Structure formats: structure tokens, C-alpha cells
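A.B. asks: Right, I'll just put the structure down here and ask away after.
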There are 2 protein chains.
Amino acid sequence: MAQQGLSEHELRAWRVSFEMLELLRTRIEQHLQASAGLSNADYTVLAVLSEAPEGRMRIYELGRTAGWEKSRLHHQLTRMTKRGLIARERCGSRGMDAVITPEGLAAIKAAAPSHAQEVRRLFIDRLTPEELDRFAAISGTILDGLRQADKAAD
Amino acid sequence: MAQQGLSEHELRAWRVSFEMLELLRTRIEQHLQASAGLSNADYTVLAVLSEAPEGRMRIYELGRTAGWEKSRLHHQLTRMTKRGLIARERCGSRGMDAVITPEGLAAIKAAAPSHAQEVRRLFIDRLTPEELDRFAAISGTILDGLRQADKAAD
């Protein structure tokens, strides 16, 4: 069935792009789960916090970075807190911080090399350097648009 | 923390690409859920079956198309069967088919126009025609690699 509102050409472009992104994230997550017991979402939170000053960030800010709604963010951080990967701490009178724990830091340090190898195998090494740069540039354009749409909806 | 095994340049390219794909699929799914009560996975199954001859496909084939493992495929189809969107039917002596039901067909017909609009808003219209073609071509290259890796692992 042709989707209304998209030409055949646009629909084909969308489908190959969407299939790729679904399969890529599935394979990356399967590898992370098998090698380190982490989901893509776990890895994202740990990576962001491990690079933040003092390993901490406002929860609100973390949610914006990841693009998650409040309830998804809450459930994600609750699971990670229970597993000891992060902690939530009150920060001043207004906000809550998420803080990476020593266990969380150890988890991402242990997971990173094998994860990077898998990213290389499934993504980086499949492309020429020029294709990689083009893909990243176009991804940046799409990402900017998504973030603008998020802001407009705030 | 720099990931071992990737240069700074490669890591940046991966991160913007991964952030984009995570956020894009999240936004597309939120829209599908809100407008039609469907997940990305539901929509994929309905789209694939609605275009297959007689609206049916071997379950094994469907799993390969979607790139899902057996257990994920099983849970997905069980949920959709309970909701009446698809049915599972024995086909000959060997295999099982997934078949789209009239309810499933009605669901995707109802969802498609608004979904296409959202795809246009968040993806197609953000890119020049040349960027769209490049992005789709590179996505195809990555997808081919993922499928080859799947075959090699079979």
C-alpha cells in the first residue's frame, strides 16, 4: 500500500533508512546485552554521565539530551538506581541530579572496548571515510530538526 | 571517555548518527502510539503483511525481514494476535504463516496518512532531495552489511 502523502521515491528512501536504523540499533543492543548486560538506554545514560563534570547532571538536562519523556526517563533511572549504576541526589533546593556510581563507571569502562568494536564492525567499517562524514552530517541536520521540534512543543 | 578502538572523529560521527536514530524512532513511535495506538514494531508487521501476496507471509520470513530474534518475534506476534491485528495459521505441514486480519488492515489504513505526514515533517522535509538520496543510499549499504552479518551468524 503506498502511503498517502509520500511519493514512491520518498517512501523507498524512508523505508531503507528506517529498516537500517531499526536493525542497527537492535544489533548494537543485542551485543551490549550479551557482552555487558546493558541496554542502549543504559549505555547512553552511563556515557553521558561519565563525561559530565563530576559524573553528574541535572535529571531534566539528561532527559533533554536523551530526548526522553518524563515517564520514560523516570523508569529508566529507577531501574539503573536499583542496579547501583547511578544514584539520584537532591541538588540545592530545586533540582535532582543523576550521578554515576563507581559501579556505573566500572560497567561502562568494561563495556566500552567491545561496544566500540561492534560499532566499527557494523557501521564505521562498512562506509568509506567520505560516506561516514556525509552520513554524520545529514544525521546532524535531522537531529537539529528533531530538537527544534521538541523545543517548539515545550 | 574516549571509546577504545574508535578515533575521536569516528566516535563523533557515530554519536551524532546514533543520537539521531534513537530520537527519530522515538518521535515516530510516540506519534504512532498517540494517533493510532501502534508501536513501530506493530506498524512494521502490518506494513509488511499488507503488501505481501494475500496478506500473509511465513513467520520465519517475517522475522528475517524485520531482523528480530525468535523470542522477540514470538512475543510481538502474540501481542498482535491477542489484539486481533493478525492471525497465525498453519501452512502445509511445515510452517506457520502470519496473516493480516481485516482489523489489522483497517488499523494500518487508518494510521498511514498521519504517519506519512510525520515522516515528512521529521525526515523528508528536513533534507534536500540530494541529501535524502545520499542518506538512503548509505543506509542501504549499512543495511546490506547488517543482513550479511546476520546470514554469516545463522
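A.B. asks: Relative contact order of chain A, please, whole-number percent, based on alpha carbon pairs below 8 angstrom and at least 6 residues apart.
C.D. replies: Values: 103 pairs, mean separation 30.9, N = 154.
Once divided by the residue count of chain A, the mean separation gives 20 percent.
A.B. asks: Between helix A:102-122 and chain A, what is the angle of the helix's C-alpha long axis to the longest principal axis, kept within 0 to 90° and rounded to the nearest 10?
C.D. replies: Here the helix axis deviates by roughly 10 degrees.
A.B. asks: May I pose another question? Could you compute how much accessible surface residue B:43 exposes when probed at 1.4 Å, giving the result in Å² to the nearest 10?
C.D. replies: 20
A.B. asks: Pull up the cross-link candidates among the lysines for residue A:109, meaning alpha carbon to alpha carbon under 27 Å and not fewer than 8 places away within one chain.
C.D. replies: Result set, ordered by chain and number: A:82.
A.B. asks: Given points 7 Å out from each Cα along the Cα-Cβ axis, report the residue B:94 to residue B:81 separation in nanometres with one decimal.
C.D. replies: Distance between the two pseudo-spin positions: 2.1 nm.
A.B. asks: Net charge within 9 Å of residue B:99 by Cβ-Cβ distance, Lys/Arg positive one each and Asp/Glu negative one each, not counting residue B:99 itself? If you can, show how the numbers build up before the last one.
C.D. replies: Values: positive: B:56, B:88; negative: B:54, B:89, B:97.
Overall, the nearby charge balance is -1.
A.B. asks: Using a Förster distance of 35 angstrom, determine the FRET efficiency expected from the C-beta separation of residue B:147 and residue B:34, and round it to 0.05. Don't jump to the answer; show the numbers that get you there.
C.D. replies: Working: r = 32 Å, r/R0 = 0.91.
Efficiency, rounded to the nearest 0.05: 0.65.
A.B. asks: If you don't mind, there's one more thing I want to ask. In deg cm²/dmol, rounded to 500, what helix-only [θ] at 222 nm does chain A give when every DSSP H run of at least 4 residues adds -39500 (n - 2.57) and the total is split over its residues?
C.D. replies: -23500 deg cm²/dmol
A.B. asks: In whole percent, and with a 1.4 Å probe on the protein chains, what portion of the accessible area of the stretch A:1-118 is carbon and sulfur?
C.D. replies: On the way: 3110 of 5810 Å².
Using a 1.4 Å probe with all protein chains present, the stretch A:1-118 comes out at 54 percent carbon and sulfur.
A.B. asks: For chain B, give the magnitude of the charge dipole about the Cα centre (Cβ charges: +1 Lys/Arg, -1 Asp/Glu; no others), in debye to the nearest 20. All intermediate terms of the calculation are to be shown ahead of the outcome.
C.D. replies: On the way: 22 positive and 21 negative charges, 119 e Å.
It comes to approximately 580 debye.
A.B. asks: Related question: Report the FRET efficiency, 1/(1 + (r/R0)^6), for residue A:110 and residue A:61, where r is their Cβ-Cβ distance and R0 is 25 Å, rounded to 0.05.
C.D. replies: In this case the efficiency is close to 0.45.
A.B. asks: Return, ordered by residue number, the residues of the stretch B:129-153 whose backbone nitrogen is under 14 Å from a label point located 7 Å along Cα→Cβ of residue A:130.
C.D. replies: Inside the label zone: B:134, B:138.
A.B. asks: Loop only by DSSP, 12 or fewer other Cβ within 10 Å of the Cβ. Give me the trypsin sites (Lys or Arg not before Pro) in the stretch B:65-97 that pass, ordered by residue number.
C.D. replies: Values: sites: B:70, B:72, B:79, B:82, B:83, B:88, B:90, B:94; in loops: B:83, B:94.
When the trypsin sites (Lys or Arg not before Pro) of the stretch B:65-97 are filtered for loop state and at most 12 Cβ neighbours within 10 Å, B:94 remain.
A.B. asks: Given a cut-off of 29 Å, what percent of all Cα-Cα pairs of chain B lie beyond it?
C.D. replies: 29
A.B. asks: Let me ask another. In the stretch A:92-154, how does Rg compare with the Kirkwood Rh, expressed as the Rg/Rh ratio over alpha carbon atoms? Show your work: numbers first, answer last.
C.D. replies: On the way: Rg = 17.7 Å, Rh = 15.4 Å.
Computed over Cα atoms, the ratio is 1.15.
A.B. asks: Can you give the mean number of other chain Cβ atoms that lie within 10 Å of the Cβ atoms in peptide A:88-99? Display every interim value, and only then the final one.
C.D. replies: Working: counts 0, 0, 0, 0, 0, 0, 0, 0, 0, 0, 0, 0.
Counting Cβ atoms of other protein chains within 10 Å of each residue's Cβ and averaging gives 0.
A.B. asks: Mind listing P(r) for the stretch A:32-98? All alpha-carbon pairs, 10 Å bins, whole percents.
C.D. replies: Using 10 Å bins, I get a P(r) of 20, 58, 19, 2, 0 for the stretch A:32-98.
A.B. asks: At each listed q (0.11, 0.15 Å⁻¹), what is the log10 of I(q)/I(0) that the Debye formula gives for the protein assembly as shown modelled as equal alpha-carbon point scatterers?
C.D. replies: Computed log10 I(q)/I(0) values: -0.74, -1.33.
The values are calculated or read from the model by the stated rules, or taken from the named source; none is laboratory data. Given the structure is predicted, the values throughout are model-derived calculations rather than measurements. Note that we place each Cβ from the backbone using ideal geometry, even for glycine, and neighbour counts take in every protein chain shown. When the accessible area is computed, the model is the full protein with side chains, heavy atoms only, and any ligands, DNA or RNA have been set aside. Shrake-Rupley method; radii C 1.70, N 1.55, O 1.52, S 1.80 Å.
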